[in-house]
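Participant: Supplied in structure tokens, the structure appears directly below.
The values are calculated or read from the model by the stated rules, or taken from the named source; none is laboratory data. From a predicted model like this one, the values you see are computed outputs, not experimental measurements. Neighbour counts are summed over all protein chains in view; Cβ atoms, including those assigned to glycine, are modelled from backbone coordinates with ideal geometry. Note: accessible area is taken over every heavy atom of the protein model, side chains too, but ligands, DNA and RNA are not part of it. Shrake-Rupley method; radii C 1.70, N 1.55, O 1.52, S 1.80 Å.
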Amino acid sequence: MLSYFAKRIASSIPTLFIIITIAFFMIRLAPGGPFDSERPVPAEIAANLEKVYHLNDPLPVQYGYYLLNVLKGDFGPSFKYHDFTVSELIAQGFPVSIQLGLLAILLSLMIGVLLGVIAALRQNSAIDYLVMGLAMTGITIPNFVMAPILILLFGVFWGLLPTSGWGELKHMVLPVIVLSLPQIATVARMTRASLIETLNMPYIRTAKAKGLPTRLILSRHASRATLLPILSWLGPATAAIITGSVVVETIFGLPGIGRHFINGALNRDYTLVMGVVVFYGFLIILMNLLVDLLYAWLDPRIKY
Amino acid sequence: MMLTIENLRVDFTVDSGIQRKQTLQAVRGVSLELDQGENVAIVGESGSGKSQLFNALMGLLPPNGSAHGSVSFNQQALLNQSDKSLNKIRGKEIGMIFQDPMTALNPYLRIGKQLTEVLEVHEGANFNKESAKRRAIEMLDRVKIKDPEQRFNSYPHELSGGMRQRVVIAMALLCKPKLIIADEPTTALDVTVQTEIIRLLKDIYRKERTSIVLITHDLPLVAGLCDRIIVMYAGKIVETGTVDEIFYKAQHPYTQALLAATPTNTEKSGKMLAIDGQPPDPLNLPAGCAFSPRCAFVEERCKTESPPERKIDAGHLVSCFRENN
Amino acid sequence: MLGLIQGLNTKMSALIPNEIIADNAVVGLSPWQQAWRRLLNNKAAVVSIVLLVIIAVLCIFGPLFSPWELDSVDWDNMGTPPHLQSHHYFGTDSNGRDLFVRTLEGGRISLMVGLLATAVSFIIGIIYGSIAGYAGGKTDSIMMRFVDVLYALPFMFFVILLTVYFGRSIWLIFIAIGAVEWLTMARIVRGQTLSLKQRSFVEAARVTGASHYSIIKRHIIPNTLGPVIVYATLTVPQVILFESFLSFLGLGVQEPMSSWGVLIAEGAQQMESAPWMVLSPAIMLAVTLFCLNFIGDGLRDALDPKDR
């Protein structure tokens with residue numbers, strides 16, 4: 001088991017390495033970017049750049065420095081926010097983004113699994129069609145359409161919830177809903193398909209033939225096989241929720257990483273965008289790693 | 001009578017998405033009776049409806065299947081009962097053994113859990129974890145599994161196919177059922193293992209006096225184990241009789257063909273005999289006798305009329321127009 | 001074709017236990033024809049196809065029938081709701097530009113991006129996947145390892161990065177999206193190829209001395225098309241969504257060009273005073289995405305009816 005863990009962790013390092021490498025060379029080679037020698041830079045910034053990026057050294061040495069810095073968690077100073085380093089900006093936004101993300105994942109799992117199980121157990125009934133129709137809607141309507149609609153309804157027309165701001169629980173409600181709707185839909189569809197497939201397994205028939213009540217068949221015999229595929233959803237879901245958080249934080253004006261990222265992109269704040277990409281890459285890789293390890297732990301057939 | 005099946009029919013709704021929904025008749029009016037301690041084999045090709053017959057009475061049909069007719073087990077109605085009332089019988093009064101031991105056990109649960117849960121659900125308040133474990137281990141020993149204590153904590157994938165089938169048998173036996181339905185219990189196994197499993201079933205029958213219904217396509221397998229043989233073709237019983245009656249005085253051309261096609265008959269002719277033609281398309285059964293398109297003795301009326309059941313001897317019944325074969 | 005026929009049989013066995021596997025295929029129909037019939041029996045898919053054709057025709061020809069241009073300003077009607085007499089069927093934005101024309105022009109862009117980017121990913125994915133699967137062994141594992149690594153990258157962010165560096169060009173979006181989406185396509189094709197190359201008809205072709213190129217072209221690729229077409233159909237809405245997403249954030253299509261994402265972003269800002277601005281592009285986008293998803297689902301059921 002330990003050796004499998006070690007192997008799996010080792011195999012995710014190259015991916016991270018590639019992300020950092022691409023990041024480094026993109027930042028360096030960007031035409032009209034901050035490192036384009038054709039473009040004059042204010043002396044003060046030039047001195048700063050030199051200090052951080054060792055521009056007078058050969059490129060491989062620069063790369064080495066960059067790698068070292070990133071490993072230390074240092075993405076350099078922001079180009080636009082002169083008083084902040086990229087790491088500070090990420091650290092600032094992280095609590096907001098992680099709260100949103102975790103809540104969305106939790107909500108998606110709970111509601112999605114519940115709806116999926118109901119639909120699967122009532123396969124081809126009106127409830128099933130309703131749930132699947134809603135799921136299709138959830139997957140199809142983009143979050144940047146859903147968010148304005150919800151703001152219009154809950155914020156403007158009914159005045160039930162705030163449409164911007166941060167700090168209290170009520171501020172999280174709409175963003176988390178917008179963030180999780182597509183994921184709830186995805187989880188519901190996956191759960192339904194997975195449970196239907198599992199219930200057709202011969203070992204479920206064995207359990208029935210043994211006289212086990214439906215409740216026990218579901219909780220003991222069908223649960224693990226049904227939920228394992230949902231586990232692998234967590235990887236892509238992290239990526240999707242991060243992507244979604246960019247939109248949600250922009251629309252609801254939340255001080256998370258996503259908004260920094262978009263502001264950075266619009267302001268051509270190269271180091272900030274770069275840093276966020278590497279950070280997001282790291283998060284996604286970490287999540288995929290966790291999923292694989294959990295999978296190995298939960299499925300007795302996987303050999304280490 | 002312990003088990004009485006009257007005019008059982010099993011239909012499946014088939015939806016190919018191209019044509020109108022069709023009804024597939026898997027079992028077309030089967031009646032049979034089984035006494036306590038009796039040992040019966042149901043023989044037929046795949047598609048003859050022999051498995052669906054027993055899936056229907058155990059309430060194990062897939063959602064697109066439906067059963068009609070009446071089945072009673074010790075005066076209790078079985079057919080189309082709620083899961084709740086069936087669960088008092090399933091696993092307790094009637095045990096079931098399945099064809100493929102590789103998939104019949106839950107890969108995510110330990111053998112021990114899958115065994116003891118049978119006692120857990122059927123003994124209710126009397127359930128005791130320690131004694132359940134002891135009894136499960138005894139049962140594993142009883143079906144000749146080595147190191148039963150150790151195997152109790154194994155996962156199914158750690159066991160060979162033959163071992164897994166023994167576990168499935170142990171599972172079916174745990175509550176000392178009155179009837180065991182064994183659905184092709186040896187088909188998925190190696191030949192050497194097959195004999196061991198049959199020997200085990202025989203031994204169980206001799207010692208526990210548990211009735212066994214053996215569902216199989218393998219006629220010679222049945223000979224040493226069962227009292228009575230029921231031959232099914234295209235959802236109907238075509239011939240019933242004792243082992244001797246079926247093996248030496250078979251009346252139905254299908255039974256005869258089946259006997260001729262068994263490997264033991266190869267030496268005489270030097271080549272393996274096969275039954276001509278294909279099993280019928282269950283969605284498109286021939287009118288009259290379903291075997292008529294493949295029958296060597298086919299007559300004109302076979303193509304339009306269904307032959308009635310005819311008594312040859314006390315327990316020897318055949319559904320064929322042709323007499324004195 | 002063989003794969004499809006096998007798919008049909010698996011489906012039958014899933015519906016009714018192994019015991020009764022009926023040869024239910026309709027006589028005289030190729031698997032593709034059967035799939036087509038099955039698709040035509042799927043009401044949601046048929047309605048979606050019809051709607052999608054209407055939307056496409058409207059987007060292509062609709063602007064020709066309006067007196068307004070993409071960026072012409074109607075000084076008399078600024079920020080007015082839908083109004084027939086002035087030919088502002090969807091109303092105007094706060095700059096007095098006609099939303100009917102802008103929405104349909106935006107639709108052209110969205111549909112074009114969807115189709116082109118999917119086509120790019122389709123071609124790359126098929127070539128890459130079939131070569132990896134056919135070659136097998138080390139080549140295969142290296143090629144697929146590369147895909148795995150790319151898979152783990154947060155691509156959306158790289159696309160945003162690209163737009164930051166190279167300016168916001170629609171061509172960049174085509175290429176970037178196409179380059180991302182081919183990964184899944186390659187995996188599907190590779191998986192299919194692995195099983196196909198064991199089949200007897202591929203062996204037979206090899207025995208008769210067919211070149212690797214012609215085996216891949218004649219025998220492998222045509223047989224992987226079923227699942228790939230399904231995936232491609234489901235990729236189009238993803239791509240359209242992605243483009244709208246970038247445009248919404250201001251990183252995609254730029255003014256004065258229009259796109260559904262751009263229009264929704266503009267509309268969302270004035271939702272309280274001018275709700276029609278967000279409504280028409282949002283409805284068009286949602287309907288298009290719905291249709292494409294239903295068609296994709298319908299195709300999947302028709303080609304591989306196992307999950308029905």
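Participant: Given the -39500 (n - 2.57) contribution per DSSP H run of 4+ residues, what per-residue ellipticity at 222 nm results for chain B, rounded to the nearest 500 deg cm²/dmol?
Facilitator: Calculated mean residue ellipticity at 222 nm is -8500 deg cm²/dmol.
Participant: Along the positive direction of the dipole of the protein assembly as shown (beta-carbon charges: Lys, Arg +1; Asp, Glu -1; about the Cα centre), which of A:THR85, C:SER195, A:ALA185 reaches farthest?
Facilitator: C:SER195
Participant: Could you rank the peptides B:166-177, B:219-230 by their average count of other C-beta atoms within 10 Å per residue, with the highest value first? Spell out each step's value before the answer.
Facilitator: Details: B:166-177: 23.1, B:219-230: 19.1.
Packing order, densest peptide first, comes out as B:166-177, B:219-230.
Participant: Determine the shielding of peptide A:144-150 by partner chains: average, over its residues, the number of Cβ atoms on other chains within 10 angstrom of each Cβ. Present the calculation step by step, with values, prior to reporting the outcome.
Facilitator: Values: counts 12, 15, 2, 1, 9, 5, 0.
The per-residue average across the peptide is 6.
Participant: Let's see if you can work this out: charge +1 on each Lys and Arg Cβ, -1 on each Asp and Glu Cβ, no other charges. What is the dipole magnitude of the range B:3-226 about its Cα centre, in debye to the nearest 20? List each step's numbers first, then the result.
Facilitator: Working: 28 positive and 26 negative charges, 83 e Å.
With Lys and Arg at +1 and Asp and Glu at -1, about 400 debye.
Participant: So if I average 1/r over every pair of distinct C-alpha atoms in chain B and take the inverse, what Kirkwood radius in Å does that give?
Facilitator: Working: mean 1/r = 0.0476 Å⁻¹.
For chain B, the Kirkwood estimate is 21.0 Å.
Participant: Then there's this: Choose one of B:GLN76, B:SER66, C:ALA135: the residue whose Cα lies farthest towards the positive end of the charge dipole of the protein assembly as shown (beta-carbon charges +1 Lys, Arg; -1 Asp, Glu; about the Cα centre).
Facilitator: Farthest along the dipole direction, towards plus: B:GLN76.
Participant: Continuing with this model, one more query. Quantify, in whole percent, the carbon and sulfur part of the accessible surface of the protein assembly as shown (1.4 Å probe; protein heavy atoms only). Numbers along the way, then the final one.
Facilitator: Details: 25170 of 41600 Å².
Roughly 61 percent of what the probe reaches on the protein assembly as shown is carbon or sulfur.
Participant: Something else about it: May I ask for the Rg/Rh ratio of the protein assembly as shown, computed from Cα atoms with Rh as the Kirkwood radius, given to two decimals?
Facilitator: Details: Rg = 33.8 Å, Rh = 32.3 Å.
Rg divided by Rh gives 1.05.
Participant: Sum -39500 (n - 2.57) across every DSSP H segment of at least 4 residues in chain A, then divide by the residue count to get the 222 nm mean residue ellipticity, nearest 500. Could you put the intermediate results ahead of the total?
Facilitator: Numbers: 11 runs with 219 residues, N = 304.
Calculated mean residue ellipticity at 222 nm is -25000 deg cm²/dmol.
Participant: So what's the net charge close to C:LEU289: Lys and Arg +1, Asp and Glu -1, counting the other residues with Cβ under 14 Å from its Cβ? Please list the in-between numbers first.
Facilitator: Numbers: positive: none; negative: C:GLU243, C:ASP297.
Net charge in that neighbourhood comes out at -2.
Participant: Per residue of A:152-165, what is the mean number of Cβ atoms on other protein chains within 10 angstrom of that residue's Cβ?
Facilitator: Details: counts 5, 0, 0, 2, 3, 1, 0, 0, 0, 0, 0, 0, 0, 0.
Other-chain Cβ atoms within 10 Å of each residue's Cβ, averaged: 1.
Participant: Here is a further query. What fraction of the Cα pairs in the range A:86-298, stated in percent, has a spacing above 32 angstrom? All intermediate terms of the calculation are to be shown ahead of the outcome.
Facilitator: Details: 6164 of 22578 pairs.
So the pairs more than 32 Å apart make up 27 percent of the total in the range A:86-298.
Participant: So, one more: At 0.36 nm per residue, minus the direct Cα-Cα distance, what do A:LYS7 and A:TRP297 gain on full extension? Give it in nm, one decimal, please.
Facilitator: Numbers: separation 290, 0.36 × 290 = 104.40 nm, distance 1.47 nm.
Full-extension gain reported as 102.9 nm.
Participant: Past 25 Å, Cα to Cα, is the threshold; run A:LYS208/B:LYS146; B:LYS129/B:LYS176; B:LYS84/B:LYS113 against it and keep the listed order.
Facilitator: Working: A:LYS208/B:LYS146 28 Å; B:LYS129/B:LYS176 18 Å; B:LYS84/B:LYS113 22 Å.
Going by Cα-Cα distance, A:LYS208/B:LYS146 fall outside the 25 Å limit.
Participant: At 4 °C and 1.567 mPa s, grab the translational diffusion coefficient of the range A:141-266 from Stokes-Einstein with a Kirkwood Rh over Cα pairs, rounded to a whole number in µm² per second. Walk me through the intermediate numbers first.
Facilitator: Working: Rh = 17.1 Å.
Result for D is 76 µm²/s.
Participant: R0 = 45 Å: FRET efficiency of C:SER94 with C:GLN33, Cβ-based, nearest 0.05?
Facilitator: Details: r = 53 Å, r/R0 = 1.18.
That pair, C:SER94 with C:GLN33, gives E of 0.25.
Participant: Here is a further query. If you count only protein heavy atoms with a 1.4 Å probe, what accessible area per residue comes out for the protein assembly as shown, rounded to a whole Å²? List each step's numbers first, then the result.
Facilitator: On the way: 41600 Å² over 937 residues.
Solvent-accessible surface per residue comes out at 44 Å².
Participant: State the percent of C-alpha pairs, over all pairs in the range B:1-79, separated by a distance greater than 15 angstrom. Each step should come with its number before you reach the end.
Facilitator: On the way: 1795 of 3081 pairs.
Cα-Cα pairs in the range B:1-79 separated by more than 15 Å: 58 percent.
Participant: Among A:ILE20, A:ILE118, A:ILE241, which one shows the highest mean-square fluctuation when chain A is modelled as a Gaussian network with alpha-carbon springs under 10 Å?
Facilitator: Highest fluctuation among the options: A:ILE118.
Participant: Which of A:ILE241, A:ALA225, A:ASN200 sits farthest toward the positive end of the charge dipole of the range A:86-298, with +1 on the Cβ of Lys and Arg and -1 on the Cβ of Asp and Glu?
Facilitator: A:ASN200
Participant: Something else now. Expressed as a fraction of 2.2 N^0.38 Å, the rule-of-thumb size for a compact globular protein of N residues, what is the C-alpha radius of gyration of the range B:1-136? The partial results should precede the final answer.
Facilitator: Values: Rg = 17.5 Å, N = 136, 2.2 N^0.38 = 14.2 Å.
The value comes to 1.23.
Participant: Roughly how crowded by other chains is peptide B:103-111, in terms of the mean Cβ count from those chains within 10 Å of each of its Cβ atoms? Numbers along the way, then the final one.
Facilitator: Working: counts 5, 7, 4, 11, 7, 12, 6, 1, 0.
If you average over the peptide's residues, the count of other-chain Cβ atoms is 6.
Participant: Still on this structure, I have one more. Apply the Kirkwood formula to the range B:157-276: the hydrodynamic radius equals the inverse of the mean of 1/r over all pairs of different alpha-carbon atoms; give it in Å with one decimal. Mind dumping the intermediate values first?
Facilitator: Numbers: mean 1/r = 0.0632 Å⁻¹.
Evaluated over the range B:157-276, this radius sits at 15.8 Å.
Participant: Continuing with the same structure: Have a look at the DSSP beta bridges in the protein assembly as shown and tell me what percent are antiparallel, nearest 5.
Facilitator: Details: 34 of 53 bridges.
Just about 65 percent of them are antiparallel.
Participant: Which percent of Cα pairs goes in each bin when the distances of the range C:167-274 are cut into 10 angstrom slices starting at zero?
Facilitator: Each 10 Å bin holds this share of Cα pairs: 13, 30, 21, 17, 12, 6, 2, 0.
Participant: Still on this structure, I have one more. Name the aspartates and glutamates eligible as straight-distance cross-link partners of B:LYS50: C-alpha to C-alpha under 14 Å, and not fewer than 8 places from it in the same chain.
Facilitator: Counting by Cα, and skipping residues close in sequence, B:LYS50 has these aspartates and glutamates nearby: B:ASP11, B:ASP183, B:GLU184, B:ASP218, B:GLU239, C:GLU19.
Participant: What is the Cα centroid distance between the range B:142-216 and the range A:267-302, reported in whole angstrom?
Facilitator: 47
Participant: Now for a separate question. Only four residue types carry charge here, +1 at the Cβ of Lys and Arg and -1 at the Cβ of Asp and Glu. Report the dipole size of the range A:86-298 about the Cα centre in Debye, rounded to the nearest 20. Mind dumping the intermediate values first?
Facilitator: On the way: 12 positive and 7 negative charges, 193 e Å.
Rounded to the nearest 20 debye, it is 920 debye.
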